[in-house]
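The values are calculated or read from the model by the stated rules, or taken from the named source; none is laboratory data. Small disclaimer: the values here were computed from a predicted structure and weren't measured. Ideal geometry is used to build each Cβ from the backbone, glycine not excepted, and the neighbour counts take in all protein chains shown.
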Amino acid sequence: MKRRKSTLKRKPLGKRSGKESKNKKAISRLTVSKLKKALDGIMREIIRIRDNNTCQWCGKSIFGRDSQPSHVKPKSIYGFLRFDEQNIKLLCLHCHRKWHLDPLLAKDWFKLRFPDRYEYLEKRGTQQKQWKTWELLELIDKKKRQLK
């Protein structure tokens, strides 16, 4: 049997209505945001294992809500470093607050405690990054393998 061609005409990709285009963008953003959230959870586990559930500032053993992964360079400005292990440290709630309340003290502490990581992060600069869905999926696979 021969297949019949559909009688419905499809709009060319470039000529879709604004509503269809906005919906596609919203779905794409939602997917990227869900992938980022999943990757944040994976990174949280990797950092907890790497830092042995210990606050990197005060040395206290931490669990649950007191265990807070914290970015050295803020992810709002340095989005491309969001999932970089060198940019994340584990702090207790008290030290995490101290980190945000006195950034100059925090920077000096980090520079002394982790000089190699500090140099690495300084060299990375301020390049901007818009994460693509496929990049996040690859990164999730890579980080999951790292957890095993």
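See the values below:
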quantity: Selection status of R82, farther than 23 Å from Y120 by Cα, out of contact with any Phe, Trp or Tyr (no Cβ under 7 Å at 6 or more places or on another chain), of a type outside the set (A, V, I, L, M, F, W, C) and modelled with pLDDT under 95; calculated: no
quantity: The one condition in (1) part of a helix (DSSP H, G or I); (2) without any contact (Cβ under 8 Å) to a residue 60 or more places away in the chain that K36 fails to fulfil; calculated: (2)
quantity: Total residues in region 46-65, condition part of a helix (DSSP H, G or I), at pLDDT 95 or above and touching a helix residue (DSSP H, G or I) at 6+ places or on another chain (Cβ under 9 Å); calculated: 4
quantity: Count - residues of region 73-121 that are free of Cβ contacts under 8 Å to residues at least 40 places away in the same chain, surrounded by fewer than 12 Cβ atoms within 10 Å (Cβ to Cβ) and under 18 Å from the mean Cα position of the chain (by Cα); calculated: 1
quantity: Members of region 66-123 that are hydrophobic (A, V, I, L, M, F, W, C), out of contact with any Ser or Thr (no Cβ under 9 Å at 6 or more places or on another chain) and not in a helix (DSSP H, G or I); calculated: V72, F83, F114
quantity: Test set (1) at pLDDT 95 or above; (2) under 26 Å from E138 (Cα atoms) - L35 fails condition number; calculated: (1)
quantity: Residue under evaluation W134, criteria (1) under 15 Å from the mean Cα position of the chain (by Cα); (2) exposed (fewer than 12 other Cβ atoms within 10 Å of the Cβ); (3) within 26 Å of G64 (Cα to Cα), criterion not met; calculated: (3)
